[in-house]
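**Student:** There's a structure below that I have some questions on.
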Amino acid sequence: MTLIDYAIVLAYLIAMLGIGFYYRNQKSQSDYFLGGRTLPWQALSLSVMATQLSAVSFISAPAFVGLREGGGLIWLSYELAIPLAMLFLLWFILPSLHASGVVSVYDFLEKRFNRFTRVLISLVFQISRSFATAIMIYAITIVLQSTMGLPFWLSIISIGLITLIYSAFGGMKAVVIGDAVQMLLIIFGAAACLWVALSHLGGFQMIINNIDSSRLSTFNYSGYGLTGNDFGLLPMLFGGLVLYASYYGCDQSEAQRSLSSRSIGDLRKILVTVGLARFPITLLYCFSGLAIGALVVTTPDFAAQIPADKTDWMVPIFIINYMPIGLTGLLVVAMMAAAMSSLSSAINSLAAVSLEDYVRISKKTLSPTQYVNNARWVGIFWGLLTLGLSTVAGDIAPTIIEAINKIGSVFYGPILAIFLLGIYNKKVGALAASTGLIVGVGVNIYLWLSGSLLFWFWWNVIGFVTTLVCAITLTVIYSNNEIREQPKFVTGITIGSVIILSSWFVLIFAIIAYLTQLIS
């Protein structure tokens, strides 16, 4: 990197601090955690996507497509679930949560069941989100080590310190505005990688001539996920539907943005926008992976720099070797932005959940000023803990993007089942719901630790069904007196949103199905 590149990185970090300083004046709980519900839906939509399309996707999705053994465009079949998940959330989950006026989605569970159920499921969230975010931060240290030559510990500090400051002081407004900027940088970065890689290759045809043809395969119709990670269509579709519905609707880090929207109408715009925009961005990631992967095949010196067991190094090494002056700095900023987006979202959502838990358990009454100050300190605690966990992030899967989704697959199915039961089943009480959650998560942990050959995408469905069956069975066997007032059901579905998202699902299916023929 040159002095110009370093100057670009420094300017970006200063700008992030400026955002936190600008939005530092929060007067209440809602203002700090929900932005006072005054944020525009466009910024919230970008923030939702930035949190999920993070540094992991920017680095690891291209590596999966272009270099990972057994990988390729088959990852696109995962995207089929997105429009369906957005429809599901509009119909069944998020409008009811929004109408309830809660700050934490787990407040909703306490109102419907009891405090134990709330604390149990929020604990599950805190464990899974902190570990998943730690892996995301670990991913970006790869970039900073290879591009800027920073030691591992200094990479952690450079990302974490700035993010801690602007997110802790600026609250949700700073997080969302920062995310919106970061999402635009991520898209630009992926497009720049594709353009530069194609320029060095000599055109798109060189990808076809040099890449393994198996990487152009988009659907595995014959794989059912029963004998290992075959990335079959059925587990990717059904497992992806449960995972995405739970992640976007029941994970505080994502749902908090939906709860920050001004109205159900804005909430609908956010989900429809995410349902439409995710696929083109993922497609951009995948094609940049094909192009860089083809460059690896045709350039032995490039290939020699990538460790055999660390395919995620492909994109960072490409950036340092092939990007022109200035663009290198912008791409490092884009990847730092992606990591900071994930960390800031985690800090804000973890602080919201744990502080709300503490206030309820201790039964303390905090003034608005005390609440905001405590929220900042709790956010700093979670930020430091997450950064600490990132120093011990291990190898869970061949690529980081698989590791993140594998962790989520343990928890997301059971969590989604509990929210559905809370909204729609008037008979299920707290004991049945809590037991169902424990059993559902326990079954998935057993599948993981036992070395089962079942593809981990199926864990989402298994955990979801197990939790439902267990909770309903206990309700039938044992009568209970724990039922609280049933929450008001609110739906955000409209004929227009159904037509748009269902049509988009069909179009995505057609594009993916025929993509191999179109590009070969």
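The values are calculated or read from the model by the stated rules, or taken from the named source; none is laboratory data. Treat the numbers as computed from the prediction; the structure is a model and nothing was measured. Cβ placement follows ideal geometry from the backbone for every residue including glycine, while neighbour counts extend to all protein chains displayed.
Each row is one residue, and each column tells you yes or no for (1) in contact with a Cys (Cβ under 9 Å, 6 or more places away or on another chain); (2) free of Cβ contacts under 8 Å to residues at least 40 places away in the same chain; (3) closer than 29 Å to P95 by Cβ.
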{"position": "Y221", "(1), (2), (3)": "no, yes, no"}
{"position": "L234", "(1), (2), (3)": "no, yes, no"}
{"position": "Y248", "(1), (2), (3)": "no, no, yes"}
{"position": "S258", "(1), (2), (3)": "no, no, yes"}
{"position": "S261", "(1), (2), (3)": "no, no, yes"}
{"position": "L267", "(1), (2), (3)": "no, no, yes"}
{"position": "T273", "(1), (2), (3)": "no, no, yes"}
{"position": "R278", "(1), (2), (3)": "no, no, yes"}
{"position": "L290", "(1), (2), (3)": "no, no, no"}
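**Student:** Still on this structure, I have one more. Taking F302 as the residue in question, decide whether it is on the phi < 0 side of the Ramachandran plot, more than 21 Å from the chain's Cα centre (by Cα) and assigned to a helix (DSSP H, G or I). I'd like the intermediate steps shown before the answer.
**Tutor:** Values: on the phi < 0 side of the Ramachandran plot: yes; more than 21 Å from the chain's Cα centre (by Cα): yes; assigned to a helix (DSSP H, G or I): yes.
Yes: the conditions hold for F302.
**Student:** Hey, another quick one. How many of the residues in the stretch 216-228 are farther than 16 Å from F509 by Cα and surrounded by fewer than 19 Cβ atoms within 10 Å (Cβ to Cβ)?
**Tutor:** We begin by selecting, within the stretch 216-228, every residue farther than 16 Å from F509 by Cα; these are 222-228.
Filter once more, keeping what is surrounded by fewer than 19 Cβ atoms within 10 Å (Cβ to Cβ): 222, 224, 226-228.
The number of residues fulfilling the criteria is 5.
**Student:** Moving on to the next point. Just checking, which of V297, V242 is hydrophobic (A, V, I, L, M, F, W, C) and surrounded by fewer than 24 Cβ atoms within 10 Å (Cβ to Cβ)?
**Tutor:** Details: V242 fails: surrounded by fewer than 24 Cβ atoms within 10 Å (Cβ to Cβ).
Going through V297, V242 in turn, the sole match is V297.
**Student:** Can you name the residue in the stretch 86-134 that is part of a helix (DSSP H, G or I) and β-branched (V, I, T) and is also farthest from the chain's Cα centre (by Cα) among such residues? Break it down into steps so the answer makes sense when it comes.
**Tutor:** First pass over the stretch 86-134, keeping only residues part of a helix (DSSP H, G or I): 86-92, 94-100, 105-112, 115-134.
Next, from what is left, pick out any that are β-branched (V, I, T): 105, 117, 119, 121, 124, 127, 133.
Values: V105: 17, T117: 24, V119: 22, I121: 18, V124: 16, I127: 15, T133: 9 Å.
Among those that are part of a helix (DSSP H, G or I) and β-branched (V, I, T), it is T117.
**Student:** Do the conditions hold for S503, that is, is it at pLDDT 95 or above and either surrounded by fewer than 17 Cβ atoms within 10 Å (Cβ to Cβ) or in contact with a Lys or Arg (Cβ under 9 Å, 6 or more places away or on another chain) (or both)?
**Tutor:** yes
**Student:** Here's a follow-up. Which residues, counting only those in the stretch 181-208, are in contact (Cβ under 8 Å) with a residue 12 or more places away in the chain, assigned to a helix (DSSP H, G or I) and surrounded by fewer than 17 Cβ atoms within 10 Å (Cβ to Cβ)?
**Tutor:** Here is the first cut: in the stretch 181-208, the ones in contact (Cβ under 8 Å) with a residue 12 or more places away in the chain are 181-194, 196-198, 200-201, 204, 206-208.
After this cut, where a residue has to be assigned to a helix (DSSP H, G or I) as well, the list is 181-194, 196-198, 200-201, 206-208.
Selection gives L184, F188, A191, I208.
**Student:** Next up: I'd like the residue in the stretch 367-398 that is modelled with pLDDT under 75, farther than 23 Å from A255 by Cβ and among the aliphatic types (A, V, I, L, M) and, out of all such residues, is surrounded by the most Cβ atoms within 10 Å (Cβ to Cβ).
**Tutor:** L387
**Student:** Right, next: Of all residues in the stretch 248-281 being of a type in the set (A, V, I, L, M) and more than 16 Å from the chain's Cα centre (by Cα), which is farthest from S47 (Cα to Cα)? Outline the logic, then answer.
**Tutor:** The initial filter retains those residues of the stretch 248-281 that are of a type in the set (A, V, I, L, M), namely 255, 259, 264, 267, 270-272, 274, 276-277, 281.
Applying the additional criterion that residues be more than 16 Å from the chain's Cα centre (by Cα) yields 259, 264, 267, 272, 276.
Working: L259: 13, I264: 18, L267: 13, V272: 14, L276: 15 Å.
So the residue we want is I264.
**Student:** I'm trying to understand the selection: among the residues of the stretch 256-294, which are in a helix (DSSP H, G or I), among the small types (G, A, S) and surrounded by fewer than 18 Cβ atoms within 10 Å (Cβ to Cβ)? Reasoning before the result, please.
**Tutor:** So in the stretch 256-294, the residues in a helix (DSSP H, G or I) come out as 256-259, 264-294.
From what is left, the residues that are among the small types (G, A, S) are 258, 265, 275, 277, 288-289, 291, 293-294.
Result: G265, single match.
**Student:** So which residues in the stretch 103-120 are under 30 Å from T494 (Cβ atoms) and out of contact with any Asp or Glu (no Cβ under 9 Å at 6 or more places or on another chain)?
**Tutor:** Once the filter is applied, which keeps residues that are under 30 Å from T494 (Cβ atoms) and out of contact with any Asp or Glu (no Cβ under 9 Å at 6 or more places or on another chain), the stretch 103-120 yields F108, L109.
**Student:** I've got another one for you. Within the stretch 421-434, track down each residue that is over 22 Å from G408 (Cβ atoms) and not aromatic (F, W, Y). So that I can check it myself, show each step before the final result.
**Tutor:** If we filter the stretch 421-434 for residues that are over 22 Å from G408 (Cβ atoms), which is where we start, we get 424-432.
Scanning the stretch 421-434 gives N425, K426, K427, V428, G429, A430, L431, A432.
**Student:** Now for a separate question. Six or more apart or on different chains, Cβ under 7 Å: which pairs go from a residue in the stretch 304-327 that's within 20 Å of R68 (Cα to Cα) and touching a residue at least 12 places away in the same chain (Cβ under 8 Å) to one that's part of a loop (DSSP other than H, G, I, E, B) and hydrophobic (A, V, I, L, M, F, W, C)? Could you list them?
**Tutor:** Here the result reads T311/L67; W313/I306; M314/L67; M314/I306; I317/I306, each pair linking the stretch 304-327 to a residue that is part of a loop (DSSP other than H, G, I, E, B) and hydrophobic (A, V, I, L, M, F, W, C).
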